[in-house]
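K.L.:
Before I ask anything, let me first share the structure, which is written out below as C-alpha cells.
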Amino acid sequence: LDAIGGFQSAGHFLAEDYVIGQAVVNAGYRVVTAARPVPAWHEGWTFSRFLGRHLRWAVMRRFVSRSAYVAELFLNPSPVLMLLLLLGLLLPMPGIRLSWLTAALIFHQLLDAISFTRMSGQRPPLLALLCNPLRQCFTLGIWIFGWFIETVEWRGKSYGVGAGSL
C-alpha cells in the first residue's frame, strides 16, 4: 500500500478498486483475479436503488475504458437476436434464417445458465431462466443510458465523473 500511495491515492475515483489494481501493476506487482466470485445481494433493495447502482457502474466502466465499454455489447447478444427474430417474423428478410437466430439465442441462454451454475454451484431457478432474456434487454437499456449520464448519485451526493472515473 505504501508503494502506491495508500488507499487515499484512489479516494477521488469512482472505480477505486480498478485504480488501485492499476497502481499495483504500475508499482511492479502482479494482480490476479479471485478464483471464486464475490456474491452480491440485492434483497430488500428498491428498484430505484438497484437501477442507480447499475447505472453508476455503467458510467464508471465507460469512463474507465470506452473501448471495453463498447466491447460489452458482444457479451450480451440476446437483445439483438430477439429483435432480429421479431423483425424476421413480421417482415420477410432475405438471407436471414430464423432457425439460426433461434439457435444462437438458445445457445446464449445456455451459456448464461452454465455460467450461473459454475459460479454459484446451483442450478438457476426455472423462473430466472425464463426471465433472463428480459433481464438482458434491461441490461442493454442500462448500457445505453450509461453513454449519456455524466453525473452519478453516491451515498446521497451527486458527483460529476471524469476520465478514469475521477
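The values are calculated or read from the model by the stated rules, or taken from the named source; none is laboratory data. Being a predicted model, the structure only gives us computed values, none of them experimental. Cβ sites come from the backbone with ideal geometry, for glycine too, and all protein chains shown count toward neighbours. These area figures cover heavy atoms from the full protein model, side chains too; ligands, DNA and RNA do not enter into them. Shrake-Rupley method; radii C 1.70, N 1.55, O 1.52, S 1.80 Å.
K.L.:
Which shape class, rounded, prolate or oblate, goes with segment 58-115 when its Cα gyration tensor gives a ≥ b ≥ c as root eigenvalues, a/c under 1.5 marks rounded, and past that a/b bigger than b/c marks prolate?
P.N.:
Values: a/c = 3.43, a/b = 1.78, b/c = 1.93.
Oblate shape, in that a/c is at least 1.5 and b/c is the bigger or equal ratio.
K.L.:
Counting only trypsin sites (Lys or Arg not before Pro) that are in a DSSP loop and have at most 16 other C-beta atoms within 10 Å, tell me the longest site-free stretch of the chain. Don't skip to the answer; put the middle values down first.
P.N.:
Details: sites that count: R30, R97, R155.
So the longest stretch without any such site is 31-96.
K.L.:
In nm, to one decimal, how far is the modelled label at M93 from the one at V31, with both set 7 Å along Cα→Cβ?
P.N.:
That separation, rounded to one decimal, is 3.8 nm.
K.L.:
Compute the separation of the alpha-carbon centres of segment 3-55 and segment 101-166 and state it in Å as a whole number.
P.N.:
17
K.L.:
Summing -39500 (n - 2.57) over the DSSP H runs of n ≥ 4 in the chain and dividing by its residue number, what mean residue ellipticity at 222 nm do you reach, to the nearest 500 deg cm²/dmol?
P.N.:
Numbers: 6 runs with 92 residues, N = 166.
Value at 222 nm, helices only: -18000 deg cm²/dmol.
K.L.:
Next up: For q = 0.10, 0.12, 0.21 Å⁻¹, what log10 I(q)/I(0) does segment 1-99 give under the Debye formula with an equal point scatterer on each alpha carbon and no solvent?
P.N.:
Summing over Cα pairs of segment 1-99 leads to -0.51, -0.67, -1.22.
K.L.:
Another one. Taking a probe of 1.4 Å, how large is the accessible area per residue of segment 10-104, in Å²?
P.N.:
Accessible area per residue: 73 Å².
K.L.:
How far is helix 16-26 tilted off the main Cα axis of the chain, in degrees rounded to 10, range 0 to 90?
P.N.:
The helix 16-26 is inclined about 70 degrees to the chain.
K.L.:
Another one. Can you compute 3J(HN,Hα) from phi for each residue in segment 113-122, using the Karplus curve 6.51 cos²θ - 1.76 cosθ + 1.60 with θ = phi - 60°, rounded to whole Hz and x for Gly and Pro?
P.N.:
5, 5, 4, 4, 5, 5, 7, 9, x, 10
K.L.:
Leaving out ligands, DNA and RNA, and with a 1.4 Å probe, what % of the accessible surface on segment 1-61 is carbon or sulfur?
P.N.:
57
K.L.:
Could you work out how much longer the chain between S9 and V38 gets when fully extended? Use 0.36 nm per residue separation minus the Cα distance between them, nm to one decimal.
P.N.:
On the way: separation 29, 0.36 × 29 = 10.44 nm, distance 2.42 nm.
Difference between extended and current length: 8.0 nm.
K.L.:
Shifting gears a bit: Just to confirm the number: angle between the C-alpha axis of helix 78-90 and the first principal axis of the chain, 0 to 90 degrees, nearest 10?
P.N.:
20
K.L.:
Just for the Cα atoms in segment 86-129, what are the lengths along the principal axes, largest first, rounded to whole Å?
P.N.:
So the extents along the principal axes, rounded to whole Å, are 43, 18, 10.
K.L.:
Taking a ≥ b ≥ c as the square roots of the Cα gyration tensor eigenvalues, with a/c under 1.5 meaning rounded and otherwise prolate when a/b beats b/c, else oblate, which class fits segment 81-166?
P.N.:
oblate
K.L.:
As I understand it, the value is the acute angle between the Cα axis of helix 47-64 and the longest principal axis of the Cα atoms of the chain; what does it come to in degrees, rounded to 10?
P.N.:
In the chain, helix 47-64 runs at an angle near 70 degrees to the longest axis.
K.L.:
Between R155 and S65, what FRET efficiency follows from the Cβ-Cβ distance if R0 is 30 Å, with the result rounded to 0.05?
P.N.:
Working: r = 25 Å, r/R0 = 0.82.
Efficiency for this residue pair is about 0.75.
K.L.:
Charges at C-beta only: +1 for Lys and Arg, -1 for Asp and Glu. How large is the resulting dipole of the chain about its Cα centre, in Debye rounded to 20?
P.N.:
200
K.L.:
Here's something else I'd like to know. With loop defined by DSSP as not H, G, I, E or B, and exposure as at most 14 other Cβ atoms within 10 Å, which is the longest segment of the chain clear of exposed chymotrypsin sites (Phe, Trp or Tyr not before Pro)? Don't jump to the answer; show the numbers that get you there.
P.N.:
Values: sites that count: Y29, W41, W45, W147, F148.
Here the longest run is 46-146.
K.L.:
Next up: Could you rank L134, L110, L87 by how accessible they are, 1.4 Å probe, largest area first?
P.N.:
Values: L134 125, L110 95, L87 60 Å².
So, going from the largest accessible area down, we get L134, L110, L87.
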